[in-house]
1. Between the range 404-441 and the range 216-261, how far is it from one alpha carbon centroid to the other, in angstrom?
2. Please work out the C-alpha center-to-center distance from the range 348-401 to the range 79-129 and express it in whole Å.
3. Counting other beta carbons within 10 Å of each residue's own, what order do 435, 367, 422, 400 fall into, fewest first?
């Protein structure tokens with residue numbers, strides 16, 4: 001199971017599947033029963049050449065369609081020790097187990113079920129478990145989830161705290177501020193009347209992973225995609241990183257070679273500034289004619305507070321102090337059940353003062369009476385930071401390239417005026433899944 005399976009156990013599973021094929025030379029109709037057919041290219045996605053699956057009655061010498069050696073050639077053993085890297089093949093590989101990647105994987109399996117076809121889908125996630133590398137506010141707009149799972153309420157999705165009140169505070173000094181009247185705020189900042197929720201995005205991703213596994217998606221946490229594979233100018237999948245390498249480059253006793261995950265289409269859902277995604281953007285010139293992407297750093301803490309100071313569903317955004325007028329940024333403070341207050345500050349990475357420390361500014365911000373009144377007597381239970389896209393719609397690159405597409409924050413789908421990106425990330429994954437399904441089904 002993806003929540004408990006250790007890295008070595010996962011590698012053993014992958015290698016065990018490869019080893020069984022190598023010893024017996026058989027296909028896996030129960031695991032990978034896919035037939036594929038040639039379809040026309042759509043929306044800039046270029047399908048790989050169709051594969052002819054081995055029949056159930058194929059002789060042992062026949063190579064199964066979904067297990068084969070990596071770059072070096074070996075004997076007929078699919079994962080023999082003579083090869084450099086073992087390889088597994090899928091119809092679709094998704095890189096990243098966040099909202100976009102999981103939504104794409106789920107939608108692919110839903111479409112396959114609707115059409116009565118079979119599709120192999122794999123998600124690789126660098127975190128030790130799905131959700132462990134997710135860090136977000138998060139005020140969640142459920143439109144995309146409504147489309148993906150119309151009955152998510154009955155399915156017990158982890159959306160418990162309804163947005164109940166919006167406040168927008170302008171901090172004029174270390175202890176002074178004024179609240180902007182709600183009727184003067186743009187509609188995009190109205191959460192209380194929009195059916196939004198305050199959630200843990202990590203919990204939502206864990207829930208989405210459970211739904212994906214229930215649909216037959218294979219999820220491998222603890223595996224970071226470190227290399228994009230190419231064939232004939234098209235993306236052909238990814239390879240995971242070798243582990244157990246000493247500082248001098250020699251192989252330690254714990255060495256395990258990476259595994260190639262080959263796919264007819266590969267979706268990159270790595271999040272902001274994903275290394276593979278940035279490589280693809282440069283290689284295929286996907287930013288040509290687009291605005292340059294801009295970035296911010298988001299620093300967040302989760303506090304458990306005195307129940308008497310907790311106001312379920314309160315959403316408070318603030319601008320101004322402690323940042324000066326030449327520094328782009330703002331802060332958030334969300335009250336989520338049970339007695340949790342999610343606080344954070346985002347600072348644009350184009351700040352002019354080279355000595356500015358976003359973390360220290362965040363700590364100063366916490367001393368403001370409009371913030372400290374909620375935190376006094378409470379305790380910080382978790383914290384983290386991450387980069388986020390701030391370029392907006394005009395900075396979204398071309399999304400497709402031969403053999404795959406970018407989805408979610410790999411592309412940059414944060415709706416900056418709304419201060420939201422999860423619903424657009426999910427929807428981008430769902431739309432990519434629709435297009436990919438038309439190619440590989």
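1. Taking the Cα centre of each part, the range 404-441 and the range 216-261 sit 25 Å apart.
2. So the separation of the two Cα centres works out to 33 Å.
3. With the sparsest Cβ surroundings first, the list reads 367, 435, 400, 422.
Coordinate-derived values only; no laboratory data. Quick caveat: nothing in here was measured; it's all calculated off a predicted structure. Please note: Cβ atoms are built from the backbone with ideal geometry, for glycine as well, and neighbour counts cover all protein chains shown.
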